[in-house]
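Asks: Once you've had a glance at the structure underneath, I'll fire off some questions.
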Amino acid sequence: MKFTVVLILLLSSFDLIAQKDIKLTSPSKQLSFSFHNGREGLFYNISFKNKRIINNSSISLDFIDGKFKQNLKAGKPVFRKGVEDYELIVGKARFVHDPYLEVLIPLEETKTPFRKFNIVVRAFDDGIAFRYEFPQQPSWSQFSLTDEHTTFNLAENPKILALLPPSYTTLSGQPRGAVS
C-alpha cells in the first residue's frame, strides 16, 4: 500500500517537471512561439525565421492573495485558426484580411487554492500577441492584480527602429530619440 502511494506521488510530481513545451507558428511559419512551464516558473521564446529574437522570458502575475509563478500545471492546449477582417480609416489598403493561429494554454495551481487562468497566444504573419484570461471559478470570484512580471528578453544585441511621438519622454531623462 505504501509503495502504491509513493508511486502515485512520484508520478504526479514527474508530470509537473516533465511538461512538454507548447509551440505555435504563424500561418506563414516565419514566426514561432514556444511556452515552457518549469520549476522556476513560466517562460516563453519567440523566433523569426528560426532565429531566436526573444529568449527565455518569464511570465508571472502578483495578486493580493498570492502569485501565479510556480507550482502551476498546464492543461491540454486548445489550438484554433482564425481571421481578423476589418476596415482601416487611413492607409494604403482599406480592407485588412489578417489570418492567425491561436493557442489557449490553461493553467492551474497545484497547491491550494487551485486557482486557474489561461494564456491565449495569437500568431499573425507580422507579429505575436498574448493575453491573460481568468475564467469564472467558485473559489475566486474577485481579485486584485498588484503586479505583472512579464519580461521581454531580447536575444543578442538587436537594432531597434522606434517611432517616438514628439511628446515622448523617458523616465531616465534622455532626450527624445535617444536609445540606450
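Asks: Gain in length, residue 65 to residue 156, computed as 0.36 nm per residue apart minus the alpha-carbon separation, to one decimal in nm?
Replies: That pair, residue 65 and residue 156, stretches by 29.1 nm at full extension.
Asks: Of 20/69; 49/159; 69/116; 49/73, which sit over 22 Å apart, Cα to Cα?
Replies: Beyond 22 Å between Cα atoms: 49/73.
Asks: Please list, by residue number, everything in the stretch 92-131 whose backbone N is under 19 Å from a paramagnetic label point 7 Å out along Cα→Cβ of residue 78.
Replies: Those under the cut-off are 100-109, 115-123, 129-131.
Quick note: the coordinates plus some simple rules give every number you see, no bench work behind them. Predicted, not measured: the structure shown is a model, and the values here were computed from it. Cβ coordinates were reconstructed from backbone atoms using ideal geometry, including for glycine residues, and neighbour counts include every protein chain displayed.
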